[in-house]
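As structure tokens, the structure follows; a few thoughts come after it.
Each reported figure results from applying straightforward, stated rules to the coordinates on display, with no laboratory input. In this text the structure is predicted, and so the values were computed from the model without any measurement. Cβ placement follows ideal geometry from the backbone for every residue including glycine, while neighbour counts extend to all protein chains displayed.
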Amino acid sequence: MPQHIQPERHSPMTRILSCTTALALVLGAPAAWADVTPEEVWQSWQTMATSAGQDLTFDSATRTGDTLEVSGLVVTFDDDMGGSFSAALDRLSFKDNGDGTVGVTMADSYPMTLAFPDDGEGPSSLKLTVSQPGTEITAGGSATETSYSLVSPTVSVKLDEVIGKDGQPRETEADLVLTEMAATYVVLTEGDKTALDSSFSAKSMALNVAGKGAAGEGEGTVAVALSDLTGTTKGNFLGAEVMANMAVALNSGFTTESTFGFGAMTLNADITEASGPVKIAGNLTGGGFNLAIDKDKVNYGTSFAGGNFTASGPEIPFPEVVVGFAETAFSILMPVSKSETPQDFALVTKLVDFTVSEDVWGLVDPGAMLSREPATFIVDVKGTGFWKQDIMDPAVQMEGVEPPGELTSLDLSQVLVKGAGAEVGATGALTFDNTDLVSFQGVPAPTGSINVSIKGVNALIDNLIAMGILPDDQAMGARMMLGVFARPGPGPDELTSVIEFKDGGLFANGQQLQ
């Protein structure tokens with residue numbers, strides 16, 4: 001009978017985080033300068049996989065001389081939404097190197113199957129082949145602190161079969177190739193707690209997809225290439241029962257911190273539809289993301305630099321659209337646990353020096369009356385506040401009459417909107433009195449000021465009137481509103497304003513408006 005190791009189930013969020021980690025461990029991490037046996041390394045693999053919510057079965061684990069041979073290994077994972085994953089490794093060898101380390105040998109390739117919920121979009125299942133010829137894995141450390149290092153010339157994943165929701169195969173081909181991959185992992189096990197510290201790098205990654213539509217309509221190819229990939233993951237993972245409730249897990253010590261970055265990226269898509277061909281091409285200078293979660297906060301961010309993209313197709317009323325930008329980014333920091341004292345939060349979203357081709361401008365401004373200068377949008381704010389409930393607890397309801405938290409302060413580090421020859425910027429700081437919900441009709445009463453600068457807005461209004469986009473009466477209303485809130489600035493067509501909140505009232509440049 002096959003031997004079977006089955007853990008308790010995890011929540012979907014936990015599985016996503018930890019499944020990736022456990023799968024990576026079959027690739028390998030640095031020596032901890034202690035002796036480790038083949039049996040201890042094999043046990044470390046099993047512990048990490050089951051802590052990630054995976055099931056392991058194997059036919060046998062037999063020690064012959066200096067090598068532990070595991071045969072018929074099957075790794076499976078079922079999520080709560082009806083999806084599943086399985087991988088079959090016919091042979092897995094753990095060889096005692098005689099120096100306190102263990103060499104791990106896997107088959108050059110092995111099959112993998114993914115199944116998806118019936119109620120979702122996309123395919124019903126995928127069959128893949130993972131190949132990693134020449135891969136070298138070395139394990140060291142001890143039974144409780146096992147380390148791995150991996151070097152692989154090439155790792156590839158080939159799509160063998162796609163089955164649609166109708167049960168019929170799809171005409172689709174795809175392959176993913178990583179070159180010059182290296183990884184290190186250190187896994188520390190203590191009771192039902194598992195600590196992971198890992199890093200990863202690859203010289204390049206290439207993804208190629210080609211296929212046809214479900215009923216034979218349409219076909220296309222997509223190619224994506226990345227260079228200089230790097231990544232890190234560090235965290236503390238707990239037992240399945242604890243991880244089933246994220247609020248409990250966080251308060252019990254669950255943490256995870258991951259980063260991923262890449263250099264140059266290129267994208268090329270060539271799709272033929274009934275209405276005609278669609279082509280998309282683009283490139284990025286680089287990009288990446290980061291994610292950190294602990295009992296105090298969630299910190300997530302992503303950024304891309306130097307992007308340019310071109311698109312053409314039958315729905316585009318001119319030969320092609322070209323867009324570009326110097327930088328785009330989004331990041332958020334927020335507390336996640338119930339508290340009675342203010343905690344830090346922050347939000348940054350930006351699109352810097354965004355440009356679009358003249359054909360697009362020509363649709364709205366054929367006379368070239370508006371400035372074609374690159375547009376920029378930036379919101380950079382931070383502050384303090386706290387939740388009255390554990391928002392990561394599945395039982396917590398965020399909707400209701402009572403607000404789930406309190407905002408105590410807000411700093412506007414930078415707010416900037418720039419484009420079409422005009423620019424609006426703001427900075428400032430506010431604090432909030434949550435005991436006063438009357439002065440501003442249900443909103444906690446603010447105290448503080450916001451400094452606003454406006455440039456080129458009157459010239460923009462004139463151009464919009466001349467283009468027939470802005471009627472004269474609406475333009476007059478906009479100018480009157482500016483006259484109430486703003487005063488002339490130091491330069492031509494410049495306005496400034498100081499918006500103050502004090503004593504339960506609203507003031508603009510010293511004049512009380514509420």
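Counted over all Cα-Cα pairs of the chain, pairs farther apart than 35 Å make up 53 percent. Axis of helix 472-485 versus longest Cα principal axis of the chain: the two differ by about 80°, to the nearest ten degrees.
Over region 153-210, the reciprocal of the mean inverse Cα-Cα separation, the Kirkwood hydrodynamic radius, stands at 14.6 Å.
Only Cα pairs under 8 Å and at least 6 apart count here; give the relative contact order of region 281-365 as a rounded whole percent. Let's see the in-between values first.
On the way: 172 pairs, mean separation 22.0, N = 85.
That works out to 26 percent.
Here the extension length gained between Val157 and Asp192 equals 9.3 nm, from 0.36 nm per residue of separation less the Cα-Cα distance.
Students often get this wrong, so check it: of Lys95/Lys158; Lys158/Lys234; Lys350/Lys418; Lys234/Lys338; Lys127/Lys279; Lys350/Lys382, which have C-alpha atoms separated by over 20 Å? Display every interim value, and only then the final one.
Values: Lys95/Lys158 29 Å; Lys158/Lys234 29 Å; Lys350/Lys418 12 Å; Lys234/Lys338 25 Å; Lys127/Lys279 28 Å; Lys350/Lys382 15 Å.
Exceeds cut-off: Lys95/Lys158; Lys158/Lys234; Lys234/Lys338; Lys127/Lys279.
From largest to smallest, the equivalent ellipsoid semi-axes obtained for region 350-412 from the alpha-carbon gyration tensor read 44, 16, 11 Å.
Which peptide among 377-390, 269-282 comes first, and what is the full order, when sorted by highest mean count of other Cβ atoms within 10 Å?
Working: 377-390: 17.4, 269-282: 14.6.
Output ranking for 377-390, 269-282: 377-390, 269-282.
Taking only Cα atoms, what is the 0 to 90° angle, nearest 10, from helix 12-25's long axis to the longest principal axis of the chain? Long axis of 12-25 versus the principal axis of the chain: about 50 degrees. About its Cα centre, the dipole of region 48-99 is roughly 160 debye, where the only charges are +1 on Lys and Arg Cβ and -1 on Asp and Glu Cβ. The GluC sites (Glu not before Pro) of region 301-386 meeting both criteria, a DSSP state outside H, G, I, E and B (loop) and at most 15 other C-beta atoms within 10 angstrom of the site's C-beta, are Glu315, Glu320, Glu340.
What FRET efficiency do you get for Glu39 and Asn290 if R0 is 25 Å and r is their Cβ-Cβ distance, rounded to the nearest 0.05? Before the final figure, lay out each step's value.
Details: r = 37 Å, r/R0 = 1.48.
Once the sixth-power term is evaluated, E becomes 0.10.
Both numbers refer to the Cα atoms of region 54-105; Rg and Dmax are 14.3, 46 Å.
Which order do Leu291, Leu250 fall in if you start with the one that has the fewest other Cβ atoms within 10 Å?
Numbers: Leu291 16, Leu250 23.
Fewest-to-most ranking of Leu291, Leu250: Leu291, Leu250.
Each peptide in 477-484, 241-248 gets a packing score, the mean of other Cβ atoms within 10 Å over its residues, and the list from highest to lowest is 241-248, 477-484. For the pair Thr259 and Asn283, what calculated FRET efficiency results from E = 1/(1 + (r/R0)^6), where r is the Cβ-Cβ distance and R0 = 25 Å, to the nearest 0.05? Once rounded, the FRET efficiency stands at 0.65.
Straight-line cross-link reach from Lys502 at under 19 Å between alpha-carbon atoms covers these aspartates and glutamates, not counting any fewer than eight positions away in the same chain: Asp411, Asp433, Asp436. Under 17 Å from a label point set 7 Å out along the Cα-to-Cβ vector of Ala143, the amide N atoms of region 60-77 belong to 63, 68. If r is the Cβ-Cβ distance from Met481 to Asn308 and R0 is 45 Å, what FRET efficiency results, to the nearest 0.05? After rounding to 0.05, the efficiency reads 0.75. Express the Stokes-Einstein translational diffusion coefficient of region 316-473 in µm² s⁻¹, to the nearest whole number, given a Kirkwood radius over alpha-carbon pairs, 37 °C and a viscosity of 0.692 mPa s. Using the Kirkwood radius from Cα pairs, D works out to 171 µm²/s. Dipole magnitude for region 381-439: computed about the Cα centre from +1 point charges on Lys and Arg Cβ and -1 point charges on Asp and Glu Cβ, it is near 320 debye.
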